[in-house]
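The values are calculated or read from the model by the stated rules, or taken from the named source; none is laboratory data. Keep in mind the model is a prediction, meaning the values are calculated, not measured. Counting neighbours? That spans all protein chains shown, and the Cβs are built from the backbone with ideal geometry, glycine included.
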Amino acid sequence: MALPQFKRILLKLSGEALMGDHSFGISPQMIQYVADEIGSIVGLGVETAIVVGGGNIFRGIAASSYGMDRASADHMGMLATVINSLALQDALEKKDIQTRVQTAISMHEVAEPYILRRAVRHLEKGRVVIFAAGTGSPYFTTDTAAVLRAQEIHAEILLKATKVDGLYDSDPVENKDAEFVKNITYMEALERQLKVMDMTAISLAMDNQLPLVVFSLNNKGNIKNVVCGEDIGSRITN
């Protein structure tokens, strides 16, 4: 059996990843699939933290573009991430994987407040911890929240599971000649403005030398394979 190369990781899931074939919301089949994929690494003893986006329900940046106040729109987006986090928690616990949701916005009736020491203790006890509501502040994306939380819990690597199989020099959906980028430095990613993560997130990862791996969620077993050291997807390192 392949052995994990990391003891503690942070997994970033986009909200769109939970839509599956739907155009909006959460696909029951997809969230079960994601729960199975996460369970495969929890079963290896990997301490797993997760940040989920909210774009399948509400995207703050998009709403602000048609006149809504950006702070209000971003707070609505944060609430969307809480919905996704609770759905993922339910799917994981149905598979007997103990899970805790911690939110950056206080809502004691539905989730724990984000407390770093408590989160680390959950991880040490083998529980999956889902960080919801981004950073709790507007103008920051869930990518930035993922890098921030990864640093705070001392994750060894950040895995970003997306709809594409890694980094490209342009959008592979719009440009069939887009070139795959296997390895790249943080500075090159910033200079070329590759859209896999926002610039703030990549800058924060660079400042703290947090390795990033971008890969496809849709290939079954990819999360486990990356954790076990297989050369999958694209890597952004120093």
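Some points to look at:
- Search result, residues across the range 86-104 that are more than 20 Å from Gly43 (Cα to Cα), touching a strand residue (DSSP E or B) at 6+ places or on another chain (Cβ under 8 Å) and either hydroxyl-bearing (Ser, Thr, Tyr) or outside any strand (DSSP E or B) (or both): Leu86, Thr103, Ala104
- Residue ID - nearest to the chain's Cα centre (by Cα), chosen from residues in the range 22-52 that are outside any helix (DSSP H, G or I) and more than 19 Å from Ala80 (Cα to Cα): Thr48
- When we screen Leu158, Leu194 for residues that are touching a helix residue (DSSP H, G or I) at 6+ places or on another chain (Cβ under 6 Å), within 23 Å of Glu16 (Cα to Cα) and not in a helix (DSSP H, G or I), the only hit is Leu158.
- Yes/no for Ser64 being among the hydroxyl-bearing types (Ser, Thr, Tyr), part of a helix (DSSP H, G or I), out of contact with any His (no Cβ under 8 Å at 6 or more places or on another chain) and modelled with pLDDT under 95: yes
- The condition of being farther than 15 Å from Thr141 by Cα, hydroxyl-bearing (Ser, Thr, Tyr) and in contact with a Gly (Cβ under 7 Å, 6 or more places away or on another chain) holds for only one of Ser14, Ser85, Ser27, Ser65, that being Ser27.
- From the list Ile50, Ile97, Ile105, the lone residue that is surrounded by fewer than 24 Cβ atoms within 10 Å (Cβ to Cβ) and touching a residue at least 40 places away in the same chain (Cβ under 8 Å) is Ile97.
- Qualifying position, being in a loop (DSSP other than H, G, I, E, B), without any contact (Cβ under 8 Å) to a residue 12 or more places away in the chain and closer than 22 Å to Glu37 by Cβ, among Asp231, Asp177: Asp231
- Contacts under 7 angstrom Cβ, first residue in the range 192-207 being closer than 14 Å to Thr162 by Cβ, partner of a type in the set (Val, Ile, Thr), 6 or more apart: Val196/Val214; Asp198/Thr141; Asp198/Thr144; Ala201/Thr141; Ala201/Thr144; Ala201/Val147
- One residue stands out among those in the range 211-230 that are under 15 Å from Ile184 (Cβ atoms) and touching a helix residue (DSSP H, G or I) at 6+ places or on another chain (Cβ under 9 Å): the one that is surrounded by the most Cβ atoms within 10 Å (Cβ to Cβ), which is Leu212.
- Pairs with Cβ under 6 Å, 6+ apart, first in the range 122-140 and over 19 Å from Met199 (Cα atoms) and part of a loop (DSSP other than H, G, I, E, B), second at pLDDT 95 or above and among the charged types (D, E, K, R): Arg127/Arg100
- Hey, Ser40 touching a Lys or Arg at 6+ places or on another chain (Cβ under 6 Å), without any contact (Cβ under 8 Å) to a residue 24 or more places away in the chain and surrounded by 14 or more Cβ atoms within 10 Å (Cβ to Cβ) or not: no
- Being basic (Lys, Arg), more than 22 Å from Met19 (Cβ to Cβ), out of contact with any Asp or Glu (no Cβ under 7 Å at 6 or more places or on another chain) and touching a residue at least 60 places away in the same chain (Cβ under 8 Å) holds for only one residue in Arg117, Arg149, and it is Arg149.
- The range 67-85: number of residues that are assigned to a helix (DSSP H, G or I), more than 17 Å from the chain's Cα centre (by Cα) and surrounded by fewer than 20 Cβ atoms within 10 Å (Cβ to Cβ): 5
- Residue among Thr162, Thr144 that is touching a Phe, Trp or Tyr at 6+ places or on another chain (Cβ under 8 Å) and among the β-branched types (Val, Ile, Thr): Thr162
- Which numbered condition Gln209 fails, given (1) part of a loop (DSSP other than H, G, I, E, B); (2) under 15 Å from the mean Cα position of the chain (by Cα); (3) closer than 20 Å to Ile9 by Cβ: (2)
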